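One structure is given below, encoded as structure tokens.
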Amino acid sequence: MKILILPDPAAAVARCVEIIAQTLNEKPQAVLGLATGGTMEPVYARLVERARAGEVAVDRMTSFNLDEYVGLPPEHSQSYHSYMRERLFGPLGLDPSRTHLPRGDAPDPAAEAARYDAAIAQAGGIDLQLLGIGGNGHIGFNEPSSSLASPTRVKTLTRATREANARFFGPDETVPRFAITMGIATILRSRHAVLLATGTKKATAVAAMAEGPLGARCPASALQMHPRATIVLDAEAAADLELRQYYETAHPEGQEVTLG
Ligand code: F6R
């Protein structure tokens, strides 16, 4: 794992977007795996800014999102389809045929999950998988106890996740109980996994992911098995890391160090 620690959330977001931009500029037809949630909002805002400034090539990329709530049609205001349309796909003017999310309203969610994994494989696999992390250590919606070899499938959301996400729903709406999520095995097959975490609420999960035992108690710990995982943190999210000094020596200010 490469652990990059930046002084504040804005610097961590900018570093994360820099990695995405580099990937797209090196390979404009790259396949990106995308995440939703509060952490990703400033990432997409900055990516849109940089694309509008002509600093990053986005027209030929393809994307696959991590997850979608079971039962929500694409046009529902709290669906991840809507989230992505409003924050990224619309502002970038992306061709909808290049952007993919699981269909939460599919009549057979299990079949939809299998179809989704097959579509990712058919697209050549994911070049860069963007990830956030739940306070309980989930990535995608792989909640604690998820198989570390899981394919894309339907997962039951924990009460903690539903409570954390209730802030996006209206007072009269209930957070769905199930989601279709890329599995841990799907995420591990990506060629580069980039996880962004900011804020004190993520510090415990981040330490468990990077320095705790590998195990289903903290699904994000599976990234310890990823051949190329980059973890981008702000100082607050990095606060519980025991080996913090080492990470800061290896990557001062979260930057690459040239050898020699
Ligand atoms: C959503 C997803 C989730 C979030 C995680 C953190 O697509 O993959 O794993 O990344 O729940 O959410 P925020 O950023 O809202 O704290």
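The values are calculated or read from the model by the stated rules, or taken from the named source; none is laboratory data. Everything numeric in this text was worked out from a predicted model, so none of it was measured. Here the Cβ is made from the backbone with ideal geometry for all residues, glycine too, and neighbour counts use every protein chain on show. All accessible areas refer to the heavy atoms of the entire protein, side chains included, with ligands and DNA or RNA removed. Shrake-Rupley method; radii C 1.70, N 1.55, O 1.52, S 1.80 Å.
Taking all protein chains as they are arranged and a probe of 1.4 Å, the heavy atoms of S147 leave approximately 60 Å² accessible to solvent. Assuming a ≥ b ≥ c are the square roots of the Cα gyration tensor eigenvalues, decide whether region 41-105 counts as rounded (a/c under 1.5), prolate (otherwise, with a/b larger than b/c) or oblate. Cα axes put region 41-105 in the prolate bin.
Screening the chain for whole DSSP H helices of 24 Å or more along their axis (Cα) with average Kyte-Doolittle hydropathy at least 1.6 returns none. Straight-line cross-link reach from K27 at under 28 Å between alpha-carbon atoms covers these lysines, not counting any fewer than eight positions away in the same chain: K2. Local charge for A239 was computed over the other residues whose Cβ lies under 14 Å away, with Lys and Arg +1 and Asp and Glu -1, and equals -4. Going by the alpha-carbon gyration tensor, a ≥ b ≥ c the square roots of its eigenvalues, is region 2-251 rounded (a/c under 1.5) or, if a/c is not under 1.5, prolate (a/b greater than b/c) versus oblate? The shape class here is rounded. Ranking of R167, R162, R103 by solvent-accessible surface, largest first: R167, R103, R162 (1.4 Å probe, protein heavy atoms only, all chains present). With all protein chains kept in place, the per residue accessible area of region 2-251 amounts to 43 square angstrom at a probe of 1.4 angstrom.
With contacts taken as Cα pairs under 8 Å at a separation of at least 6 residues, the chain carries a relative contact order of 27 percent. Result for the chain in a Gaussian network model with C-alpha springs under 10 Å: among A14, A238, A179, the largest mean-square fluctuation is at A14. Think of it as helices only: each DSSP H run of n ≥ 4 in the chain is worth -39500 (n - 2.57), and spread over all residues that comes to -8500 deg cm²/dmol at 222 nm. Loop-located trypsin sites (Lys or Arg not before Pro) in region 48-90 (DSSP state not H, G, I, E or B) with no more than 13 neighbouring Cβ atoms inside 10 Å: R60.
Using the Cβ-Cβ distance between R228 and A160 with R0 set to 25 Å, the FRET efficiency works out to roughly 0.25. Please find, in a Gaussian network model of the chain (springs between Cα atoms separated by less than 10 Å), the residue of N142, N165, N65 whose mean-square fluctuation is greatest. Most flexible of the set in this elastic network: N165. Available extension along the chain between E55 and A118 is 19.4 nm, counting 0.36 nm per residue and deducting the alpha carbon span.
Going by a ≥ b ≥ c, the root eigenvalues of the Cα gyration tensor, does region 117-260 fall in the rounded group (a/c under 1.5), the prolate group (a/b larger than b/c) or the oblate group? Because a/c hits 1.5 or more and a/b fails to exceed b/c, region 117-260 counts as oblate. Relative to one another, the C-alpha centroids of region 56-72 and region 1-26 are positioned 19 Å apart. Using the Cβ-Cβ distance between E41 and T258 with R0 set to 35 Å, the FRET efficiency works out to roughly 0.60. When the accessible area of the chain is computed with all protein chains present and a 1.4 Å probe, what percentage of it is carbon and sulfur? Using a 1.4 Å probe with all protein chains present, the chain comes out at 53 percent carbon and sulfur.
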